[in-house]
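Written below as structure tokens is the structure these notes are about.
The values are calculated or read from the model by the stated rules, or taken from the named source; none is laboratory data. What you see is a predicted model; the values in this text were computed from it and never measured. With ideal geometry, Cβ positions are generated from the backbone for all residues, glycine too; neighbour counts draw on all protein chains shown. These accessible areas exclude ligands, DNA and RNA; they are computed on the full protein's heavy atoms, side chains included. Shrake-Rupley method; radii C 1.70, N 1.55, O 1.52, S 1.80 Å.
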Amino acid sequence: MGVVVKKVELSWLDRTYVWPVLKGMGITFKHFIKQLFTPTSKRYTIQYPDMKKVMPAGYRGLHELKRFEDGAIKCVACFMCAEACPARCISIEAEEFSDLNITQGFEEKRPQVFKIDMLRCIYCGMCEEACPKDAIWLRNDYEVAAYDRLSMQFGKWDLMNTYAEADGKARITEDPMPSAPRRVLAM
Amino acid sequence: MDTLASLLHTSPALAWMVVKIVIVFSAVMLLASVWTWVERRGSAMIQDRIGPNRAALFGRIRIIGLAQLLADGIKFFFKEDLEPTDVNRGLFWLAPFLAFVPAMLGFAVIPFGRDFVSGGTIYHLSVLDPGNGMGMLYPMAIGGLAVYGVLVAAWSSNNKWSILGGMRASAAMVSYEIGMSLAVVSIFMTTGGYDPAEIISAQGSLPWHWNVVPQFLGFIVFFTCMFAETNRLPFDFAEGESEIVAGFNTEYGSMKFSLLALAEYAHLMTASALVVTLFFGGWQVPFVAHPSVGLSILSFVVKLLFFAWVFVWIRWTLPRFRYDQMMRLGWKAMLPMSMVNLVVHAWLMSHGR
Ligand code: SF4
Ligand code: SF4
């Protein structure tokens, strides 16, 4: 089956070539004038270091480890995120802590080391999906860069403080509750 | 002028000459380099972008990006002057100058303001005084030389893309030269002389007496041919990023490249000066029969800048032509059109109009 090619019949005015050129120049000049009188802040271009793009809700940027009001980490070191992570960039080491009065004799778990290799992370948000405690969120910070590879290994305290300033929270560098010494089962 | 001349122990004529040369060529150089910025800012605005606006004097004074010129100059100046191993050394060095000098020289006969009398001497505001016997033929001839810059640059680079670009560009220039010359000839005919001063004074101060109105066809032909002559889009066959890399200047870098780039803009300035002189009354001020010298210079500069801007404007409006399309346009449209223009005007003149 052949394809019928429709030929556009140009009017004599269009075939002079001069008139369409003038029309085209009109269009470009309109753009020129429009852009010239648009204030910088309203132009399409975002002049990056001076202006920053406001990220849409749901953007997956830098991670934050959430905390309770008292500064305790929400994460319970369940390793779900580490399992879900397709880039295998989360490494967690758990530790135990407890106020045995509250926890009725049971031990509680939290991460002692929570490391994300930001160079390997693909910002897919799977960790956020997997977390049963809503303890890890991806938020809107997209300027994740550093001068060397080591500074791209975000540790537990880096992750807990990533949005401290933006949210007006205090920076914390230690858990409110000390970790319990690992109990050795007496056999 | 006389005091300046006596201070320098030269004759007033010589001093005036030097002053004119310095003023004209530095102005053209300055405009050419400013136009590299105008081109980029203008194209950005046309495409809803912003363009170079961040270069700043002392890191602070931004002056809408004009400092970009200095930044570019410094950058080109301090770049390594790389020379590929298999180039033809002498020609490789010569080519930027061959491109740049003719582009500047064409300006020499263009009157950029009306003559004035001071102390009994007439001062002409063009580098070469009128009545030098060359008149408008001189920029045409010099413009023809411009093809050497491109061709020599292309040939000496010893690069297939460069040669392709150079060949195409020279073919384009040569074929458009004919149509252009015929368009100019009909102006010579109606004016009765080929001196730019005569052409300008014959046009008078009324815009509808300027050559563009009776010879609109000639204007279209001439202007189109100027695009081919200056090697600018839509006829930029010397270059062509999509097919032959950067064409004739592929192998060039640092100051040599910057000279080639400046040559293009100097050529653009000369071309728009020619358009203004031939078709838009040169320094004539609309509706002012006897303008003052300053006003006439201002009028010339405004027209010049307008046409230089039109060159930029058209570049960012039209897509490129294909090579065969351009050749067809040159030989089958521009040449017959300018011939018709010539014949019609000859006929009109012979019937006493
Ligand atoms: S965003 Fe994706 S890649 Fe990055 S840590 Fe979470 S699960 Fe891993
Ligand atoms: S962040 Fe969430 S999923 Fe990951 S270990 Fe902590 S509680 Fe489990």
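Which far-off residues, 5 or more places away or on another chain, put their amide H under 5 Å from the one on B:GLY282, with H placed in the peptide plane?
Those qualifying (amide H under 5 Å, at least 5 residues apart or on another chain) are B:THR277.
Just to be sure I understand the model, the point goes 7 Å from the Cα along the line to the Cβ. What's the resulting A:LYS7 to A:LYS133 distance in nm?
7.5 nm
Within segment B:26-67, list the chymotrypsin sites (Phe, Trp or Tyr not before Pro) lying in a DSSP loop whose Cβ has at most 15 other Cβ atoms in a 10 Å radius.
Passing both the DSSP loop test and the Cβ count: B:PHE58.
List the accessible area buried at the contact between B and A, summed over both sides and calculated with a 1.4 Å probe, in Å² to the nearest 100.
Heavy-atom accessible area buried at this interface is about 1700 Å².
Quantify, in whole percent, the carbon and sulfur part of the accessible surface of segment A:4-124 (1.4 Å probe; protein heavy atoms only).
Carbon and sulfur: 60 percent of the exposed surface of segment A:4-124.
With a/c under 1.5 counting as rounded, go ahead and sort segment A:9-53 into rounded, prolate or oblate using the C-alpha gyration tensor (a ≥ b ≥ c being the square roots of the eigenvalues; past the cut-off, prolate if a/b is larger than b/c, else oblate).
It comes out prolate by the Cα gyration axes.
Please calculate how many Å² of accessible area chain B carries per residue, with a 1.4 Å probe and no DNA, RNA or ligand atoms counted.
45 Å²
For segment A:67-167, which chymotrypsin sites (Phe, Trp or Tyr not before Pro) pass both filters: DSSP loop (anything but H, G, I, E, B) and at most 10 other C-beta atoms within 10 Å?
Those satisfying the criteria are A:PHE68, A:PHE106, A:TYR147.
Can you work out the Karplus-derived ³J(HN,Hα) for every residue in segment B:322-328? Use 6.51 cos²θ - 1.76 cosθ + 1.60 with θ = phi - 60°, whole Hz, and x for glycine or proline.
With the stated coefficients, segment B:322-328 comes to 7, 4, 5, 4, 5, 5, 5 Hz.
Based on the alpha-carbon set only, what is the convex hull volume of segment B:79-352 divided per residue, in Å³? Each step should come with its number before you reach the end.
Values: hull volume 38.0 nm³, N = 274.
Hull volume normalised by residue count: 139 Å³.
Write out the chymotrypsin sites (Phe, Trp or Tyr not before Pro) in segment B:69-103 meeting two conditions: DSSP loop, and at most 10 other Cβ atoms within 10 Å of their Cβ. Can you show the working numbers first?
Working: sites: B:PHE76, B:PHE77, B:PHE78, B:PHE92, B:TRP93, B:PHE97, B:PHE100; in loops: none.
In loop regions of segment B:69-103 (DSSP not H, G, I, E or B), there are no sparsely surrounded chymotrypsin sites (Phe, Trp or Tyr not before Pro).
Scan around B:TYR123 for amide H atoms under 5 Å from its own, H built in the peptide plane at 1.01 Å from N, and keep only partners 5 or more places away or cross-chain.
B:PHE116, B:VAL117, B:SER118
Among all stretches of chain A without exposed GluC sites (Glu not before Pro) (DSSP loop, at most 12 other Cβ atoms within 10 Å), which one is longest?
Result for the longest clean stretch: A:70-142.
Would you work out the Kirkwood radius for segment A:63-167? I mean one over the mean of 1/r across all pairs of different Cα atoms, in Å.
Evaluated over segment A:63-167, this radius sits at 14.4 Å.
Taking the Cβ-Cβ separation of B:MET29 and A:ALA146 as r and a Förster radius of 41 Å, what is the calculated FRET efficiency to the nearest 0.05?
0.35
Subtracting the Cα-Cα distance from 0.36 nm times the residue separation, let me have the gained length for A:ILE172 to A:LYS30 in nm, one decimal.
Numbers: separation 142, 0.36 × 142 = 51.12 nm, distance 5.50 nm.
Taking 0.36 nm per residue and subtracting the Cα distance, the gain is 45.6 nm.
Using Cα positions and a limit of under 21 Å, work out the lysines in reach of A:LYS169, with same-chain residues fewer than 8 apart set aside.
The qualifying lysines are A:LYS66, A:LYS74, A:LYS133, A:LYS156.
Quick one: Kirkwood hydrodynamic radius for chain A, alpha-carbon pairs, angstrom, one decimal?
It works out to 21.5 Å.
Where a ≥ b ≥ c are the square roots of the eigenvalues of the C-alpha gyration tensor, would you call the protein assembly as shown rounded, which needs a/c under 1.5, or, failing that, prolate if a/b is larger than b/c, or oblate?
On the way: a/c = 2.95, a/b = 2.50, b/c = 1.18.
Prolate, since a/c reaches 1.5 and a/b exceeds b/c.
Check the straight Cα-Cα distances from A:LYS23 and name the aspartates and glutamates below 20 Å, setting aside those fewer than 8 residues away within the same chain.
A:GLU9, A:ASP14, B:ASP48
So what is the orientation-averaged projected area of segment A:120-169, using the convex hull of its C-alpha atoms, in nm²?
Working: hull surface 16.8 nm².
Orientation-averaged projected area of the Cα hull: 4.2 nm².
Keeping every protein chain present and rolling a 1.4 Å probe, give me the accessible area per residue for segment A:9-53 in Å².
Counting only protein heavy atoms, the per-residue value for segment A:9-53 is 79 Å².
What's the FRET efficiency of B:THR121 with A:ARG43 using the Cβ-Cβ distance as r and R₀ = 51 Å, to the nearest 0.05? Write down the numbers at each step before the final one.
Details: r = 54 Å, r/R0 = 1.07.
After rounding to 0.05, the efficiency reads 0.40.
Counting only residues 5 or more places away or on other chains, whose amide H sits under 5 Å from the amide H of B:ASP236 once H atoms are built in the peptide plane?
B:PHE321
Let a ≥ b ≥ c be the square roots of the eigenvalues of the Cα gyration tensor of segment B:199-336; is it rounded (a/c under 1.5), or, if not, prolate (a/b larger than b/c) or oblate?
Note, shape of segment B:199-336 comes out oblate.
Please list, or write none, the aspartates and glutamates whose alpha carbon is within less than 18 Å of the alpha carbon of B:LYS79, excluding same-chain residues fewer than 8 places away.
B:GLU251
State the Kirkwood hydrodynamic radius of segment B:72-219 in Å, one decimal place, computed from all pairs of distinct Cα atoms. Before the final figure, lay out the partial values.
Working: mean 1/r = 0.0548 Å⁻¹.
Kirkwood hydrodynamic radius for segment B:72-219: 18.2 Å.
Sequence gap at least 6, Cα distance under 8 Å: using those rules, report the relative contact order of segment B:212-353 to the nearest whole percent.
Over segment B:212-353, the number comes to 31 percent.
Whole-Hz ³J(HN,Hα) for each residue in segment B:336-350, computed from phi via Karplus 6.51 cos²θ - 1.76 cosθ + 1.60 with θ = phi - 60°, x for glycine and proline: what do you get?
x, 4, 5, 5, 4, 4, 4, 5, 4, 5, 4, 5, 4, 5, 5
To the nearest 0.05, how large is the calculated FRET efficiency for B:ALA141 and B:GLN325 if R₀ is 25 Å and r is the Cβ-Cβ distance?
For B:ALA141 and B:GLN325, the calculated efficiency is 0.30.
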